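Asker: Before we start, here is the structure in question, set down as structure tokens.
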Amino acid sequence: MANRGDFAALDKMIATARSMATLARDAAPLAARHVAASLRATAAAGQAPDGTPWPMKKDGGKALQNAAGAIAVTALGTVILIVLRGHHVYHHFGAGVPRRPIIPQGSMPKRLGDAVRLGFVQPWRERVKQ
């Protein structure tokens, strides 16, 4: 026959499992901060989100030195919204200028996926702590 401690442990496991229903919503703001930091770092380094270097300017200088400031990242529920503002959009899409990707388009680069996963670490640990 099970003892009181077994039932308490089972109740704790059930509560932990139920808390997972809100994990993505709770992790999204943290993940958004990590995504923003990752995108701003690659833009400041003159790289696409996957680390590919951008083409240099015609005079050989570094292009889009203020691109990091044109990136806005926010969490909306379980969605991480990435917005690129201003003239940097033309460079991102290569509209009349050399293409210099600033935000992800299509598949998610590994380093950005790592930033999202990093946002889940703290909320996960809080739920499964002993």
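Asker: With touching a Lys or Arg at 6+ places or on another chain (Cβ under 6 Å), small (Gly, Ala, Ser) and either in contact (Cβ under 8 Å) with a residue 24 or more places away in the chain or at negative phi (or both) as the only criterion, which of ALA95, ALA68, ALA115, ALA75 stands out?
Answerer: ALA68
Asker: Out of the residues in region 75-94 that are within 11 Å of the chain's Cα centre (by Cα) and over 12 Å from ALA27 (Cα atoms), state the one that is surrounded by the most Cβ atoms within 10 Å (Cβ to Cβ).
Answerer: ILE82
Asker: Just give me the residues in region 95-108 being under 21 Å from ASP59 (Cα atoms) and either surrounded by fewer than 12 Cβ atoms within 10 Å (Cβ to Cβ) or of a type in the set (Phe, Trp, Tyr) (or both), in sequence order.
Answerer: ALA95, GLY96
Asker: Need the failing condition index for GLN122 against (1) polar (S, T, N, Q); (2) farther than 14 Å from ARG40 by Cα; (3) in a loop (DSSP other than H, G, I, E, B), just the number.
Answerer: (3)
Asker: Against the definition (within 23 Å of ILE71 (Cα to Cα), surrounded by 11 or more Cβ atoms within 10 Å (Cβ to Cβ) and within 25 Å of the chain's Cα centre (by Cα)), how does LEU30 come out, yes or no?
Answerer: Yes.
Asker: Continuing with the same structure: Which is small (Gly, Ala, Ser), surrounded by 12 or more Cβ atoms within 10 Å (Cβ to Cβ), modelled with pLDDT of 90 or more and in contact with a strand residue (DSSP E or B) (Cβ under 9 Å, 6 or more places away or on another chain), of ALA68, ALA24, ALA45?
Answerer: ALA45
Asker: I want to confirm something. Restricting to region 33-49 and keeping residues that are touching a Leu at 6+ places or on another chain (Cβ under 8 Å) and touching a residue at least 60 places away in the same chain (Cβ under 8 Å), which single residue is farthest from GLN105 (Cα to Cα)?
Answerer: We begin by selecting, within region 33-49, every residue touching a Leu at 6+ places or on another chain (Cβ under 8 Å); these are 34-35, 38-39, 43, 46, 49.
Checking which are touching a residue at least 60 places away in the same chain (Cβ under 8 Å) leaves us with 34-35, 38-39, 49.
Numbers: HIS34: 18, VAL35: 14, SER38: 15, LEU39: 12, PRO49: 9 Å.
It comes out as HIS34.
The values are calculated or read from the model by the stated rules, or taken from the named source; none is laboratory data. Quick caveat: nothing in here was measured; it's all calculated off a predicted structure. Ideal geometry is used to build each Cβ from the backbone, glycine not excepted, and the neighbour counts take in all protein chains shown.
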